[in-house]
Amino acid sequence: MNFSVVVNQFWPLLINGLAVGLIYVLISLGYTMVYGVLRLINFANSEIFMVGTFATVIVTRDIFKFTSAHDALHGFKLVATLLLILLASMLFSGVTAVLVELVAYRRLRSKGTNRLASLISAIGTSIMISEGVRILTKSAPVPTPRLLTKFNLISIGGVDIRIDTFLVIISAALIFFMVDRFVTKTLLGKAIRAVSMSEETSKLMGVNLNRVISATFLIGGLVTGAAAFLYMQVYETTVFNVGFNLGLAAFTAAVLGGIGNIRGAFYGGLTLGLFEQYASAIIGGQWKAVTVFSVLVLVLLFKPNGLFGEAIQQSRV
Amino acid sequence: MVNLRDKGAALWEGWNRPKRVAFVIILIGLVGLLPYGGDFSFTSFLNTPISSYQAVLVYPVGMYVLMALGLNIVVGKSGLLDLGYVAFFAIGGYTAGILGTRTHLNTWEILPIGMGTAMIAGVLLGLPTLRLRGDYLAIVTLGFGEIVRIVALNTQSIGASTGIPSIPTPPKTFGIKFDIVHNTSYFWVVLILILLVIWMIRRFTVRRPGRAWEAIRQDEDVAILMGVPILRYKVWSFSIGAAVGGAAGVIFASKTQYVAPNMFTFNVSVLILSCVVFGGMGNMWGVILGGVLLAYLPERIRFISNARQLVFGIALVLIMNLRPDGLLPRKKREKLGAAKKAGE
């Protein structure tokens, strides 16, 4: 137990917590949106994230031919390269998510069978993807070449904000804002919200259920892919089971905010990210996962609908 | 294949008591002789290529069947999705590890203690969380499984990441030796435990708890209206399942003579749950079949060892899509109620 660290390191921990929390927010969208329309945990979302991290590595290393020793990029070229890699990562994850829906959920859904069968089938898909990657990479961690020279961007009151942290915070917040706008303002978003309120009624209103569910998986996958890209800019290494702990944390964030609730996921992710940073500073990093789950259990006991559960009906998926 | 379960049941119904007793005794005898199956040429196809066949029969096959039966009480009978079943296995294993190395208790004395500890853990976890909705319960139990593993990993006094080595094997009992070369003796112990669990489940099923679990699984609201104290029966189901997991853990620890946190990962929970769903949730014989297949086949096809988990994943997806109720599903009558509920 070391409480003084919270006082000494208050601002750095806050910045890190924001960055980690925003990555959780993006991944938890993949859980919360799918849960909204299917009422099922998207068990393969952690693998969708993992695919995104590997897409980032492959595009950076094998398509753009960057090595760890290359000259630093600057200005427009840097921004364009990063954007292209981001898009590739989102695309890979998005396509994976749509495939997961096709393989794991669609047939079982059309049969209308029990939920456990869908869950096991999703777990099976998840095992398939992660084992496939494990065999291909021989279980070894894979580093990505560094594109961003990590300098301190700004220093406020003795607290340095590094360029990659800054990038994560700004882009994640922006992406979240875009998803939120999409779901609340567009026709497809409206359809997604309708399906999550009542599948039967939205079918009667002429919503194409299969298309909406595919679209939900696609959006969830795209956002998770973006999270994977941002994660790789900060941590720079990935491994076949990278998604496991992050996926659990992101799911916790989704439940914290009230699962199925998009804005709830935002607050849930931030709360969890910050809590995790301070808690592991106090009681040690190895207990991080335990603190995450303790939060989850406590929230479920006292506020089973999540901290922001039913309050924000408008943006409920 | 489709009506294999019903055909078996019809055959069984048609027999009188002596016929049934004889059948059961012969069946138990045959299963008891399984460890010798690898020795004869006409059954040598049973042999597993890398691990010793007798060892495979104990772990994973016997252990998986035992735990799948325990988990079936929770998932199959009462419809509570538990994704952290490994926690109880770990608690049993660590109880055996701690008591076996620090006290003079032997395995048979530790067995009830391990079951009791797992049961208490089940009650402590169950009381607050069993009020939750199904999906939340799944994730909380998953978290609990991870917490148990992380606590074991970070506690120096129980060996942290190295675990507890040199756990004593059971003493010589009724002239049967237990040590590293006598895998067959362990198999018989596991078989006896499996038979006890089967007997227990059959008793429960026809009595009040079984009926209460069935009611809870089919429709919780109706069960409440009919006056079933659902929390009490859910906690019972949860802790009985936990006790079976604890028993498996104790035997496992005294067989491998070693426990470490990395033996108790989330993958084990997933595997056990897969045995239950793969074989046919709620139907004991289906669960046993699922446990045998999912534990034995990966060992048998070990020559593709690197890809066997991949094959496992593909098999899960295929079977679930082709036979969503498992290989040997429960009776039609029961399924009708479940289908109605799902259709709402």
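The values are calculated or read from the model by the stated rules, or taken from the named source; none is laboratory data. Here the structure is a predicted model, which means the values were calculated and not measured. With ideal geometry, Cβ positions are generated from the backbone for all residues, glycine too; neighbour counts draw on all protein chains shown. Just the protein is used for accessible areas: all its heavy atoms, side chains included, with ligands, DNA and RNA removed. Shrake-Rupley method; radii C 1.70, N 1.55, O 1.52, S 1.80 Å.
Data overview
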| quantity | calculated |
| --- | --- |
| Test: residue in segment A:43-56 that is part of a loop (DSSP other than H, G, I, E, B) and within 12 Å of chain B (Cβ to nearest Cβ) | yes |
| Residue list for segment B:223-266, restricted to those being outside any helix (DSSP H, G or I), more than 30 Å from residue A:241 (Cα to Cα) and of a type in the set (Gly, Ala, Ser) | B:227 |
| Flag for residue B:264 being open to solvent by 10 Å² or more (accessible area, probe 1.4 Å) and aromatic (Phe, Trp, Tyr) | no |
| Residues satisfying the stated conditions in segment A:245-269, i.e. more than 23 Å from residue A:164 (Cβ to Cβ) and within 12 Å of chain B (Cβ to nearest Cβ) | A:248, A:251, A:252, A:254, A:255, A:256, A:258, A:259, A:260 |
| Residue satisfying condition, being farther than 13 Å from residue B:74 by Cβ, surrounded by fewer than 22 Cβ atoms within 10 Å (Cβ to Cβ) and under 21 Å from the mean Cα position of the chain (by Cα), within set B:246, B:210, B:227 | B:210 |
| Count of segment B:199-208 residues which are of a type outside the set (A, V, I, L, M, F, W, C), in a helix (DSSP H, G or I) and farther than 22 Å from residue B:272 by Cβ | 2 |
| Search result, residues across segment A:120-135 that are touching a Phe, Trp or Tyr at 6+ places or on another chain (Cβ under 7 Å), more than 7 Å from chain B (Cβ to nearest Cβ), aliphatic (A, V, I, L, M) and over 11 Å from residue B:321 (Cα atoms) | A:133 |
| Some residue of segment A:142-149 being at the interface with chain B (Cβ under 10 Å from one of its Cβ atoms), hydroxyl-bearing (Ser, Thr, Tyr) and buried (at least 19 other Cβ atoms within 10 Å of the Cβ) | no |
| Qualifying positions in segment A:280-309 - among the polar types (S, T, N, Q) and open to solvent by less than 50 Å² (accessible area, probe 1.4 Å) | A:280, A:291, A:294 |
| Filter result for residue B:62 (under 13 Å from residue B:290 (Cα atoms) and either among the small types (Gly, Ala, Ser) or free of Cβ contacts under 8 Å to residues at least 12 places away in the same chain (or both)) | yes |
| Per-region count, segment B:155-174, residues within 11 Å of chain A (Cβ to nearest Cβ), surrounded by 12 or more Cβ atoms within 10 Å (Cβ to Cβ) and outside any loop (DSSP other than H, G, I, E, B) | 1 |
| Scan of segment B:124-150 for residues that are more than 7 Å from every other protein chain (Cβ to nearest Cβ), within 27 Å of residue B:164 (Cβ to Cβ) and without any contact (Cβ under 8 Å) to a residue 60 or more places away in the chain, ordered by number | B:124 |
| Options B:257, B:218; residue that is of a type in the set (S, T, N, Q), within 14 Å of chain A (Cβ to nearest Cβ) and either open to solvent by less than 60 Å² (accessible area, probe 1.4 Å) or in contact (Cβ under 8 Å) with a residue 24 or more places away in the chain (or both) | B:218 |
| Helices (runs of 4 or more DSSP H) completely within segment A:72-138 that count 1 or more residues being in contact (Cβ under 8 Å) with a residue 60 or more places away in the chain and either crowded, with 24+ Cβ neighbours inside 10 Å or on the phi > 0 side of the Ramachandran plot (or both) | A:75-100, A:115-137 |
| All positions within segment A:156-196 that are open to solvent by 20 Å² or more (accessible area, probe 1.4 Å), out of contact with any Leu (no Cβ under 7 Å at 6 or more places or on another chain) and polar (S, T, N, Q) | A:184, A:186 |
| Pairs, first among the charged types (D, E, K, R) in segment A:203-229, second assigned to a helix (DSSP H, G or I), C-beta under 8 Å, six or more apart | A:203/A:209 |
| Number of positions in segment A:30-64 that are open to solvent by less than 10 Å² (accessible area, probe 1.4 Å) and free of Cβ contacts under 8 Å to residues at least 24 places away in the same chain | 0 |
| Failed item in (1) at pLDDT 75 or above; (2) part of a helix (DSSP H, G or I); (3) open to solvent by 30 Å² or more (accessible area, probe 1.4 Å); (4) farther than 19 Å from residue B:59 by Cβ, with residue B:334 passing the rest | (1) |
| Cβ-Cβ under 6 Å pairs, at least 6 apart or on other chains, segment A:270-291 side within 13 Å of chain B (Cβ to nearest Cβ), far side surrounded by fewer than 21 Cβ atoms within 10 Å (Cβ to Cβ) and of a type in the set (S, T, N, Q) | A:286/B:154; A:288/A:280 |
| Unique residue being more than 9 Å from chain B (Cβ to nearest Cβ) and free of Cβ contacts under 8 Å to residues at least 40 places away in the same chain when the list is A:171, A:155 | A:155 |
| Pick from segment B:287-329, criterion more than 10 Å from chain A (Cβ to nearest Cβ) and either basic (Lys, Arg) or open to solvent by less than 10 Å² (accessible area, probe 1.4 Å) (or both), ranking: farthest from the chain's Cα centre (by Cα) | B:302 |
| Pair list, Cβ under 6 Å, 6 or more apart: segment B:270-287 residue closer than 13 Å to residue B:77 by Cβ, other residue aromatic (Phe, Trp, Tyr) and not in a helix (DSSP H, G or I) | none |
| Residue list for segment A:187-229, restricted to those being more than 23 Å from residue A:89 (Cβ to Cβ) and of a type in the set (Ser, Thr, Tyr) | A:196, A:198, A:201, A:202 |
| Scope segment B:272-286; condition part of a helix (DSSP H, G or I) and facing chain A (nearest Cβ under 10 Å); matching residues | B:273, B:274, B:276, B:277, B:278 |
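Table: residues versus (1) closer than 29 Å to residue A:35 by Cβ; (2) hydrophobic (A, V, I, L, M, F, W, C); (3) touching a Pro at 6+ places or on another chain (Cβ under 9 Å).
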{"position": "B:104", "(1), (2), (3)": "no, no, no"}
{"position": "B:117", "(1), (2), (3)": "no, no, no"}
{"position": "B:126", "(1), (2), (3)": "yes, no, no"}
{"position": "B:142", "(1), (2), (3)": "yes, yes, no"}
{"position": "B:149", "(1), (2), (3)": "yes, no, yes"}
{"position": "B:153", "(1), (2), (3)": "no, yes, yes"}
{"position": "B:169", "(1), (2), (3)": "no, no, no"}
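This table checks each residue for (1) of a type in the set (Ser, Thr, Tyr); (2) modelled with pLDDT of 90 or more; (3) open to solvent by 30 Å² or more (accessible area, probe 1.4 Å).
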| site | (1), (2), (3) |
| --- | --- |
| A:198 | yes, no, yes |
| A:235 | yes, no, yes |
| A:243 | no, no, no |
| A:252 | yes, no, no |
| A:256 | no, no, no |
| A:260 | no, no, no |
